[in-house]
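Here's the structure, in structure tokens; my notes come after.
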């Protein structure tokens, strides 16, 4: 009876632990996507503000990119937007003091909306960036611009990441997505040949004493904090890359790829070595008995038999590279620009979240944009994990 009770208790605890873990992951996922998808309900201008123009202004088509170009003086005439041939006059709240004194605006600025309306009526080419608190929209001669919400194309296809720009912040995620993929791709390109070579050496060539010595050391490398790898990359790899390729700075995509390759090696080596050692002894002996050399047996029998495990090692290595934060933040230059080569500074998705989440106002567009970046990273790593699981369960014998 006591044994049955003990077994039932252990079974119940394990069931509860599994259910609790699953429910926790589910709620975290729901929270992540709920916060992220709320981003597309945000207006294209800074929250709490609106844009106002003279009612005679015929321009209606506005988006975040056009607003930025106007306030950056890249567009200087309304005719460039389909309006009249009138120069654009930018107006911010501080500019009101160029027209009126404090006494004219009132002790508590109670006359400010009326005075703003007068300025906008007088200046045909004006575009005013004004808080909702002092909105002049109720007065004649003033038109509030209808600015749409941020769209998925603004986010996923945008080339500029300027979340604190005014009056229209830009949340183009394309530079971070390309930076993440570039750094991760070359990290695996560097790590795979070396990792597979070490795995083959440990499983097939190294004496047992050396294997027992090296295997724990390699696995121990996976436990080193990423900030230590980042510090090594910053102090050693970045100056080396800068000097070798004669670059202005050493914090580049190449440096990030190298440090991620080093970090992915323990995962690739450990999983690939286990897969290689699981090749049946009978298959090795049959190959050798037929006259094949040791090396021919390795690349014609052992590697084809173990390719599902090797593929899983590669996929998990990619997952480690894509999800890495601190080391990449320290050595890639952290520049939100679309990379054109390995020698450009880049910024990855995890590095962006780590660098900016503490400064983003809770519930604001910037805050929700970072959660949406996290959702993108979640989807990428989810597909990688599913791929690794499917590959690891697959056995392919047709190449034997």
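The table below lists the values:
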| quantity | calculated |
| --- | --- |
| Residue 1, sole failed condition from (1) surrounded by 10 or more Cβ atoms within 10 Å (Cβ to Cβ); (2) modelled with pLDDT under 85 | (1) |
| Filter result (part of a loop (DSSP other than H, G, I, E, B), closer than 21 Å to residue 327 by Cα and over 23 Å from the mean Cα position of the chain (by Cα)) within region 225-248 | 247, 248 |
| Some residue of region 278-285 being within 30 Å of residue 227 (Cβ to Cβ) and either in contact with a helix residue (DSSP H, G or I) (Cβ under 9 Å, 6 or more places away or on another chain) or surrounded by fewer than 21 Cβ atoms within 10 Å (Cβ to Cβ) (or both) | no |
| Residue 298 vs. criteria touching a helix residue (DSSP H, G or I) at 6+ places or on another chain (Cβ under 8 Å), closer than 26 Å to residue 183 by Cβ and touching a residue at least 60 places away in the same chain (Cβ under 8 Å) | no |
| Residue match in region 347-361 (condition: out of contact with any strand residue (DSSP E or B) (no Cβ under 6 Å at 6 or more places or on another chain), in a loop (DSSP other than H, G, I, E, B), in the same structural domain as residue 259 (by TED's automatic domain parsing) and surrounded by fewer than 18 Cβ atoms within 10 Å (Cβ to Cβ)) | yes |
| Matching residues, region 257-277, being crowded, with 20+ Cβ neighbours inside 10 Å and more than 17 Å from residue 220 (Cα to Cα) | 257, 258, 275, 276 |
| Which listed residue is part of a helix (DSSP H, G or I) and within 30 Å of residue 41 (Cα to Cα), from 178, 182, 189 | 178 |
| Subset of region 4-54 that is at pLDDT below 90 and closer than 30 Å to residue 86 by Cα - its residue that is surrounded by the most Cβ atoms within 10 Å (Cβ to Cβ) | 44 |
| Residue that is modelled with the highest pLDDT, among those in region 362-400 that are exposed (fewer than 15 other Cβ atoms within 10 Å of the Cβ) and assigned to a helix (DSSP H, G or I) | 379 |
| Filter result (closer than 21 Å to residue 46 by Cα, in contact (Cβ under 8 Å) with a residue 40 or more places away in the chain and part of a helix (DSSP H, G or I)) within region 83-132 | 93, 116, 120, 132 |
| Selection status of residue 251, in contact with a strand residue (DSSP E or B) (Cβ under 7 Å, 6 or more places away or on another chain), assigned by TED's automatic domain parsing to the domain that holds residue 334 and either surrounded by 13 or more Cβ atoms within 10 Å (Cβ to Cβ) or not in a loop (DSSP other than H, G, I, E, B) (or both) | yes |
| Some residue of region 178-189 being touching a residue at least 40 places away in the same chain (Cβ under 8 Å), loosely packed, with under 15 Cβ neighbours inside 10 Å and in contact with a strand residue (DSSP E or B) (Cβ under 6 Å, 6 or more places away or on another chain) | no |
| Flag if residue 286 is farther than 23 Å from residue 194 by Cβ and not in a helix (DSSP H, G or I) | no |
| Residue match in region 7-25 (condition: in contact (Cβ under 8 Å) with a residue 24 or more places away in the chain and part of a helix (DSSP H, G or I)) | no |
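The values are calculated or read from the model by the stated rules, or taken from the named source; none is laboratory data. Worth saying up front: this structure is predicted, and the values here are computed from it rather than measured. Methodologically, a virtual Cβ is constructed for each residue, glycine included, from the backbone with ideal geometry; neighbour enumeration extends over all protein chains shown.
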